[in-house]
Amino acid sequence: MILPRTVQVVEVGPRDGFQMEKTFIATETKIEIVNALARCGFPKMEVTSFISHKAIPQMSDAAKVIAGIDRSLGVRAAALVPNPKGAENAAAAGVDEMVTFVSATESHNRSNVNRTIAESLAGFKTVMKIAREAHIQVATGIAVAFGCPFEGDVPAERVAFMVGRLLDLGVHAVTLGDTTGLATPPIVARTCEHLLKLYPDLKLSLHFHNTRGIGLVNVFAALELGITTFESSVGGLGGCPFAPGATGNVCTEDMVYMFKELGILTGIDLDELIKVARRVEGVIGRPLPGQVMKSGTRSYRSPLPKH
Ligand code: ZN
């Protein structure tokens, strides 16, 4: 079995995680955490969302958070843009990448954004135009790509069809989201193999949720297919506010720990990342699902018990 030598880990906690939090996290705290994460060595981070203040008040400071990023750390700052207005604001704020999203199924798209898939894709055209004029790349996340809480199985052909439409629109990368944790290794293999056969040059990343406890197993299944970009969130923060039963993302430090033990390079300082995860837990004020942040890595030694 040949696994990739290096992988890219994209941290999404500040967006996918914080957006779930009811209590407003101070802008300075968000900036401090984003920069602490950037210092751990992430090549790219999904920092915030340029969504309407009414829809998600937690993200109302998006432009300020982008402005607060220490650019000397070299992290690529991505932000979610749900519509052309968000794209205008994201461009004005100086994001490095815009991320749009659409669901693989009509019923999930309807429940998520109250639009048909066709309407979402039509909106992307305007977003693409705004991004192109600002020389900003656009990536798209396809939600419920490995299973839908309303419609069940999502055929690989369906996902490939969506990817084709997105590439036609000019998106430069695609993320498959396992929004409610319905992916399993055979589904990951079937979907990704089909996609990579049709689009061998596709810049593909995967975004798993650990809803049923097999998030890292799915990551491993994807590694075996040669996939090298994974999204995750510090401490296992997050979920999707509009998807029933969608609990946390795959935990970043647990995933980085697994990569490290497999001899796969990430460029991420795991010890520093564990410190940030503990800090984030303090900010959130409740235990996070991350495991390695509690146990420490294999190199941690417990003190001998006193007799
Ligand atoms: Zn997520």
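The values are calculated or read from the model by the stated rules, or taken from the named source; none is laboratory data. This one's a predicted model, so the numbers in the text were calculated from it and none came from an experiment. Cβ placement follows ideal geometry from the backbone for every residue including glycine, while neighbour counts extend to all protein chains displayed. In case anyone asks, the SASA skips ligands and DNA or RNA and just uses the protein heavy atoms, side chains included. Shrake-Rupley method; radii C 1.70, N 1.55, O 1.52, S 1.80 Å.
Could you work out what % of the accessible surface of region 8-295 is carbon and sulfur, using a 1.4 angstrom probe and leaving DNA, RNA and ligands out of the count? In region 8-295, the share of accessible area belonging to carbon and sulfur is 54 percent.
If R0 equals 30 Å, the separation of the Cβ atoms of GLU151 and SER52 corresponds to a calculated FRET efficiency of about 0.65. The charge dipole of the chain, taken about its Cα centre with unit charges on the Cβ atoms of Lys, Arg (+1), Asp and Glu (-1) only, comes to about 380 debye. Would you mind classifying region 197-307 by shape? Square roots of the alpha carbon gyration tensor eigenvalues, ordered a ≥ b ≥ c; an a/c under 1.5 is rounded, otherwise it is prolate if a/b is larger than b/c and oblate if not. Cα axes put region 197-307 in the oblate bin. Under the classification rounded if a/c is under 1.5, otherwise prolate if a/b is larger than b/c and oblate if not, where does region 8-295 fall, given a ≥ b ≥ c as square roots of the Cα gyration tensor eigenvalues? Here region 8-295 falls in the rounded category. 3J(HN,Hα) along region 136-143, derived from phi through the Karplus expression 6.51 cos²θ - 1.76 cosθ + 1.60 where θ = phi - 60°, amounts to 10, 7, 10, 10, 10, x, 9, 6 Hz, with x in place of Gly and Pro. Per residue, the solvent-accessible area of region 33-173 (1.4 Å probe, heavy atoms of protein chains only, all protein chains present) comes to 40 Å². Within the shell defined by Cβ-Cβ distances under 15 Å, the residues around GLY13 carry a net charge of -2, with Lys and Arg each +1 and Asp and Glu each -1. Around the amide H of GLN8, modelled in the peptide plane, lie the amide H atoms of THR229, PHE230, all under 5 Å away and 5 or more residues distant in sequence or on another chain. Comparing Cα centroids, region 159-232 and region 1-57 end up 20 angstrom apart. Classification of region 17-78 by its C-alpha gyration tensor yields a prolate form. The axis ratio a/c (a ≥ b ≥ c) is 1.5 or more, and a/b outweighs b/c. Tell me which DSSP H helices of the chain clear both cut-offs, 15 Å or more of axial length from alpha-carbon atoms and a mean Kyte-Doolittle hydropathy of at least 1.6. Taking the DSSP H segments of the chain (at least 15 Å long, mean hydropathy at least 1.6), we get none. 3J(HN,Hα) along region 9-17, derived from phi through the Karplus expression 6.51 cos²θ - 1.76 cosθ + 1.60 where θ = phi - 60°, amounts to 10, 9, 7, 10, x, x, 9, 5, x Hz, with x in place of Gly and Pro.
Length gained on full extension, PHE161 to SER295: 44.0 nm, using 0.36 nm per residue less the C-alpha separation.
PHE24 contributes about 100 Å² of solvent-accessible surface, heavy atoms of the protein only, 1.4 Å probe.
Charges were assigned to the Cβ only: +1 to each Lys and Arg, -1 to each Asp and Glu. The resulting dipole of region 145-290 about its Cα centre is roughly 220 debye. With the charge dipole of the chain set up from +1 on Lys and Arg Cβ and -1 on Asp and Glu Cβ about the Cα centre, the Cα lying farthest toward the positive end among the listed residues GLY236, GLY123, GLY94 is that of GLY236.
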